[in-house]
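Report on the structure given below.
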Amino acid sequence: MPNTYEGGCQCEAVRYQFTGVLRDIAHCHCATCRRTTGGIVTTWLTTQRADFRWLKGKPKLYASSATCSRYFCGDCGAQLALFTTLSPDSLDITVATLDHPEQATADRHIWVQSRLPWIHLDPHLPEEQQERIE
Ligand SMILES: [Zn+2]
Ligand SMILES: [Zn+2]
């Protein structure tokens, strides 16, 4: 049964909404996520682009690699979403910017080859050295 979820940045200039189910939720340990978010790990959920819309404001877009671009608030800098040309129909959303991030439980770790050695987070979850894109 699909639900509607909303989220946004710290300054509330940008808000978003999507419908679906909370699934495909991964703790990403890659260095690009570290440097763009300033966090030691970034947790993403994946939704379908067709099920997602911006409710308020216009995020800025930063191409962090040849295949990946990241939406962020140009005012407060919050990282909100990401898309990759490797999976063009989907959009990744930062769990941390959901209005209710406690509802989105991660199911795996990705890019653990880049994980900081002192992070011990949910050690029972499966791990992917990079990321397997279905
Ligand atoms: Zn903002
Ligand atoms: Zn990452």
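No value in this document is a laboratory result; all are computed from the given coordinates. Keep in mind it's a predicted model, so treat the numbers as computed, not measured. No Cβ is skipped: glycine too gets one built from the backbone with ideal geometry, and neighbour counts run over all protein chains shown.
Annotations for the structure displayed:
- Per-region count, the stretch 75-128, residues among the polar types (S, T, N, Q) and within 13 Å of ligand 2 (Cβ to nearest atom): 5
- The single condition among (1) in a loop (DSSP other than H, G, I, E, B); (2) under 20 Å from residue 67 (Cβ atoms) that residue 80 does not satisfy is (1).
- Residue within the stretch 118-134 that is out of contact with any strand residue (DSSP E or B) (no Cβ under 9 Å at 6 or more places or on another chain), exposed (fewer than 12 other Cβ atoms within 10 Å of the Cβ), among the acidic types (Asp, Glu) and outside any loop (DSSP other than H, G, I, E, B) present: no
Here's the yes/no breakdown for (1) under 17 Å from residue 11 (Cα atoms); (2) among the aliphatic types (A, V, I, L, M):
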| residue | (1), (2) |
| --- | --- |
| 53 | no, no |
| 67 | no, no |
| 72 | yes, no |
| 104 | no, yes |
| 107 | no, no |
| 123 | no, no |
| 131 | no, no |
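- Meets criteria (surrounded by fewer than 17 Cβ atoms within 10 Å (Cβ to Cβ) and among the aromatic types (Phe, Trp, Tyr)) for residue 111: no
- Test result for residue 79, without any contact (Cβ under 8 Å) to a residue 60 or more places away in the chain and within 23 Å of residue 122 (Cβ to Cβ): yes
- The stretch 1-59, residues that are within 16 Å of ligand 2 (Cβ to nearest atom), in a strand (DSSP E or B) and without any contact (Cβ under 8 Å) to a residue 40 or more places away in the chain: none
- The one condition in (1) out of contact with any Leu (no Cβ under 8 Å at 6 or more places or on another chain); (2) of a type outside the set (A, V, I, L, M, F, W, C); (3) not in a helix (DSSP H, G or I) that residue 113 fails to fulfil: (3)
- For the stretch 51-76, the tally of residues that are among the hydrophobic types (A, V, I, L, M, F, W, C), within 12 Å of ligand 1 (Cβ to nearest atom) and touching a strand residue (DSSP E or B) at 6+ places or on another chain (Cβ under 9 Å) stands at 2.
- Restricting the stretch 35-50 to residues that are surrounded by fewer than 17 Cβ atoms within 10 Å (Cβ to Cβ) and in contact with a strand residue (DSSP E or B) (Cβ under 8 Å, 6 or more places away or on another chain) leaves a set whose member that is nearest to residue 110 (Cα to Cα) is 48.
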